[in-house]
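The values are calculated or read from the model by the stated rules, or taken from the named source; none is laboratory data. What you see is a predicted model; the values in this text were computed from it and never measured. Note that we place each Cβ from the backbone using ideal geometry, even for glycine, and neighbour counts take in every protein chain shown. Surface areas here come from the heavy atoms of the whole protein model, side chains and all, with no ligands, DNA or RNA. Shrake-Rupley method; radii C 1.70, N 1.55, O 1.52, S 1.80 Å.
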Amino acid sequence: MATGSIQYKTEEEIDLMRASAQVLAKAHGEVASLVKEGVTTRQLDKRAEEFIRDHGGVPSFKGYNKFPFSLCLSPNSVVVHGFATNEPLKSGDILTVDCGVFLNGFHSDSAYTYPIGEVAPEVLALLRETKASLYKGIEQAVSGNRVGDISYAIQNHVSPLGYGVVRELVGHGVGAKLHEKPEVPNYGKRGSGPLLQTGMVLAIEPMVNLGKKDVVQEADGWTIRTKDRKPSAHFEHTVVVRKEKAEILTSFEYIEKALQQ
């Protein structure tokens, strides 16, 4: 997916990406306010596209390699790239909403997994720990570290809990293209991989399974689900590599505000 060499961003370009990421964060908040039992993922997709276009952006995913929707909507055992449907969400489900915005010539990318109604405690724990692993990875996104330091931090948080870390799908650089170099796996060794330098912008995105790491692709050519059909969680931020502390461009602030209401 990621092609070419690493694209380092200037501060001016990062400012443009920050604006894109802000629209994305607010679009996620709009979706979060609708996520509940009885709502269909088609409704969520429609609202996200309307909001993004109303704020001058374009949904990054719609039409990308002919993907037909604005959101990747992945319930339960679907890891990523799920299609919007007219099937209502029900209590006990989880749903990953993955969204991208193209604005000012740059993409931003983030994802969040929601519990719907009464969700099993072990599934809630999976969501909590996957989200925590995202921030463990982000802590390592500083100049002088390597990609493997991010990868190891994520894996080292979730693997001891017995979760499976997806191998086939990885984080990535993001910028003028949705997928840029370098790839950012969610497993690996400290001190390995490309050197992290100021001006790199990364989409860091742990994808973690309640069961084993193995995944399969559905006949639609997009949907990736766990082979053992156990639930999978996915959280993602767009992050700038800095000297002392990574800067998170996207935000879950609007999601969390909507969920409290």
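Tabulated data
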read-out	value
The range 102-125, residues that are part of a loop (DSSP other than H, G, I, E, B) and in contact with a helix residue (DSSP H, G or I) (Cβ under 7 Å, 6 or more places away or on another chain)	N104, G105
Checklist (1) open to solvent by 10 Å² or more (accessible area, probe 1.4 Å); (2) assigned to a strand (DSSP E or B) applied to S5, failing item	(2)
Single match in G148, G92 (criterion: more than 18 Å from the chain's Cα centre (by Cα), of a type outside the set (V, I, T) and on the phi > 0 side of the Ramachandran plot)	G92
Matching residues, the range 177-205, being under 21 Å from R225 (Cβ atoms), touching a helix residue (DSSP H, G or I) at 6+ places or on another chain (Cβ under 6 Å) and crowded, with 24+ Cβ neighbours inside 10 Å	N186
Spans of strands (runs of 3 or more DSSP E) in the range 177-261 with at least 2 residues in contact (Cβ under 8 Å) with a residue 40 or more places away in the chain	180-184, 201-204, 207-209, 224-226, 232-234, 237-240
Output for the range 171-202, where each listed residue is aliphatic (A, V, I, L, M) and within 21 Å of F102 (Cβ to Cβ)	V174, A176, L178, V184, M200, V201, L202
Residue in the range 37-69 that is surrounded by the most Cβ atoms within 10 Å (Cβ to Cβ), counting only those that are under 23 Å from I116 (Cβ atoms) and hydroxyl-bearing (S, T, Y)	T41
Of residues in the range 163-176 being in a loop (DSSP other than H, G, I, E, B) and open to solvent by less than 50 Å² (accessible area, probe 1.4 Å), the one nearest to D214 (Cα to Cα)	V166
All positions within the range 70-101 that are in contact with a helix residue (DSSP H, G or I) (Cβ under 7 Å, 6 or more places away or on another chain) and open to solvent by 20 Å² or more (accessible area, probe 1.4 Å)	T85, N86
Lone unmet requirement of (1) surrounded by fewer than 24 Cβ atoms within 10 Å (Cβ to Cβ); (2) closer than 21 Å to I224 by Cα; (3) touching a Phe, Trp or Tyr at 6+ places or on another chain (Cβ under 7 Å); (4) of a type outside the set (F, W, Y) for V208	(1)
Any chance E87 is more than 18 Å from the chain's Cα centre (by Cα), over 20 Å from H234 (Cβ atoms) and of a type outside the set (A, V, I, L, M, F, W, C)	no
